[in-house]
Each structure stands twice: as C-alpha cells, then as structure tokens.
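Bear in mind these aren't lab numbers, they're just calculated from the coordinates by the rules spelled out. Just so you know, these numbers come straight off a predicted model, no measurement behind them. Cβ atoms come from the backbone with ideal geometry, glycine included; neighbour counts cover every protein chain shown.
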Amino acid sequence: MTTESYWQATATSLPPFPSLTQDLTVDVVIIGGGLTGITAAYYLKKEGVKVALLERNRFGCCDTGHTTAHLTYVTDERLHEVVQKFGKEAAQSFWEAGAAAIDMIYQNVRDLAMDCEFKWVPGFLHASLASDDKTARESLQKDLEAAVQMGFDATFVEEVPYAKQPGVRFAHQAKFHPLKYLAPLLERIAGGGSYVFENTEASEIEGNPLTVHAGQFKIRCDYLVIATHTPLTGKSSLASATLFQTTADVFLRTPELSDEIFGPTTLLVTSGTREQLIEIASSMEGQLTAAIFGTAVDLRDFADLVSILETKVGRLVFNAFPTGVEVGHAMVHGGMYPATSDSRSTSVGTRAIHRFSRLVCYQGFPQDSLPDELKDDNPKGIWRMVDGEFTKNTC
C-alpha cells in the first residue's frame, strides 16, 4: 500500500530549481515554498519587487503537497463562535477574506490558462456522526443564520452527501490540483533581480542588517516573510519585537489570551473602564510577577487592583519591569497555581529550599536511632532550634 501524496504523484509539470550558490541582495526574502510563500513571491514580483524565494526541500513537498485541496472560506472555528469572540464585523471580514482568496486563485487560473483541475463545488458543514441530533442542529442553525445575515449563499440540508447527517451547504467553494496550480506561478518569479531556490535551508537570521543565512551563503534584504509551518527564529529571534494588541471585551471573551507565555511576546489589552480593568485582573490565573505603572496617587486610587494582584502573583513591581531573580533573603517568586505548585512557598530565594521539605517528628527514639541532625550532642555542629532558640550547643 502506497502512502504517496496524489498531488505529488501526478504533478509532472512542477519544474526543478537550483540551490543558492552565492551571496545576494534583494528587497524581500520569502522562506517557505508552499502555497503561501509562492503566492506572496508571485504577487510581489508582479509589483516590481525583487524577491528571493527559499525552500529547504522541493517546492510543494510539505503541507501544500499533502493538502485536501479544498478551497473554502468556511473556517475551522465555527462562524457563530467567531462572532461571539470577535464581533459580527470582524467575523464577516474573516470569511470575506477567504472568499476573496478563492476568487484570486480563480483569476490566476483564467489569466495564466492553467490546467490545474480547478472546479467550482459546494462545501458542506455537517454534524458529527456521534453528535446529539438536537444539539448539532441548533449549532448548525446558528452558523446558517450568521452566514445568511452576512450575505453568504448558505442553505440548510437534512442530509449531507456521504455523511448522511444534517448540515449547511455553502456555495462558491472550489477544488483544484495545488501543485499544477503553483507550477505556472513558480515559472514567473525568477528573473529581473528575483530568484527561486530549492534545497536551500535558511539556517540563521540576523536582524541588523536583516540577513538570511543559508549554508555558506547569505542574502541581505529589507523585508522578510516567514511562510513556513514552523516559524524560524535565528540569531536575533524573529519574535523579539512581537507585540499583539486586543480590546478588553475580546480578552474577556477569549480565555486562551490569558495563558502565560514565556518568551519575548507581549499582549497589550486596552481597557476603557475601571470595571473592565478589575474584571481582567480577577479573571487571570496565577502569574510569577505583576508590574504596575503609575503614581503614588494611582496606587491609592486602585488599591483594590493591588489587592487582587496580591492573590495572583508572588512579586509586585512598581514602575519597573521585572528583572532576573536574585538568590537573596528578600526574594520570593511564584503566585497561585499554575505559577507555582504551592503558593505558600517560593521558587527562588533562600526560602526556596522549603518547597522540598516536609516536617517529621521523632518521638521517644533512642539517641543512636535518631538522624545526626537531631541527636543531643549535635555531631554535625549545625544550627538548630532548641526550645525556641537557634543554637549549636548540645542538649
């Protein structure tokens, strides 16, 4: 039994391309030779931008070469759930972007006279085979109502073909042969100061100046597009300047946004009211540190916020960013779960050792059977608490 991708087995027209063999300078480097990377390179080249497209294996060999090849604007996240999280306007823009992408692919097929088996077909969203019929219908009806209100061509069907389950039929979806579609795009990228390279792995990225290293060669560029399944970081870390922003309403509707992430990433939540600020702080789980920026007056006016943070974190910092921890007597670090397994202790500082201690009482034991630390003559000569006082003396 073969497990070879059908698309790869039948893509006889996908041309080979050379590997990088010299240092170059271009406007944009695109890493990743799938549908996203090739499309970006094609459109940039059409606009007169000098690009270098890099693929570590053969073009279309990974995700694009193993796709279902369905072109659909129906997202994995159910439409009515997207509306709940981000609002109707954002949800509609999300789906319209998918519909526009399908139209863009169709336009390329027509303009370049591609023989890539493109075909308009309907798409179906159906209930799970193991789902409760009533609950599934209600959920599908929510998606249908939202889609129709936004102007999408959607209808309810009692039985989706093959699945034999109730569902929603969406018109204006499509299917195609992805590699036969990409071949004509690839052929039009190289030349005029633009380049296409395969079997060329980007091994390192430097930020100043922006440079992509591939083996013993490098490419200088003004902009970089990462179009890979797994983002690259490189020497300077591409995530070093990552700042995300959202509103308090979206943050409170999306619990996943409150998950703590270790690394150079920041989420800025804009809050319009004091009540939202308090609600956000109350909704968060344990964190290691909280930094508060303001004035002494702000601290008094927002005393309730400080009180909430005291229950969430192990270290409060005022008008400063948390630095590295110090092994000192004053240092504690670790709030309520999941920041630490025991909020009564600390993960750093001199008191951290108590996380690993458990009190045990030895009553009535003969001296020879006691641990050395507990014997009356103190053979280890250590500090011990005897009758409420620290001493090295024998008992």
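By the beta-carbon count within 10 Å of each Cβ, the least crowded to most crowded order of W120, W383, W7, fewest first, is W383, W120, W7.
Full extension of the segment from Q8 to L316, taken as 0.36 nm per residue of separation minus the current Cα-Cα distance, would add 105.3 nm.
The local environment of L252, defined by Cβ-Cβ distances under 13 Å, has a net charge of -2 under the rule Lys, Arg +1 and Asp, Glu -1. For the chain, the share of DSSP beta bridges that are antiparallel, to the nearest 5, is 50%. The simple Förster model, with R0 at 25 Å and r as the Cβ-Cβ distance, assigns R274 and H329 a FRET efficiency of 0.10.
Normalised by the residues of the chain, what does the relative contact order come to in percent, with Cα pairs under 8 Å and at least six apart?
Relative contact order comes out at 15 percent.
Taking each residue as 0.36 nm, the span from E81 to I292 lengthens on full extension beyond its C-alpha to C-alpha distance by 72.6 nm.
Sorted fewest first by neighbouring Cβ atoms within 10 angstrom, L299, L268 come out as L268, L299.
Anything over 32 Å Cα to Cα? Flag those among K119/K142; K45/K218; K312/K375; K85/K175, in the order listed. From K119/K142; K45/K218; K312/K375; K85/K175, over 32 Å: K312/K375. Distance between the pseudo-spin-label points of I353 and N208 (7 Å out from Cα toward the beta carbon): 4.3 nm. Put in order of Cβ neighbour count within 10 Å, fewest first, the listed residues D368, D133 become D368, D133. Measuring between their Cα centroids, segment 143-160 and segment 88-137 lie 13 Å from each other. Let me know the shape class of the chain, please: from the alpha-carbon gyration tensor, a ≥ b ≥ c as square roots of the eigenvalues, rounded when a/c is under 1.5, otherwise prolate if a/b is greater than b/c, or oblate. Prolate shape, in that a/c is at least 1.5 and a/b is the bigger ratio. Take each peptide in 45-56, 250-261, 285-296, count the other Cβ atoms within 10 Å of every residue, and average; sorted highest first, the result is 45-56, 285-296, 250-261. Were the residues from T394 through Q245 laid out at 0.36 nm apart, the gain over their Cα-Cα distance would be 47.3 nm. Per residue, the average separation of C-alpha pairs within less than 8 Å and at least 6 apart gives segment 54-195 a relative contact order of 30 percent.
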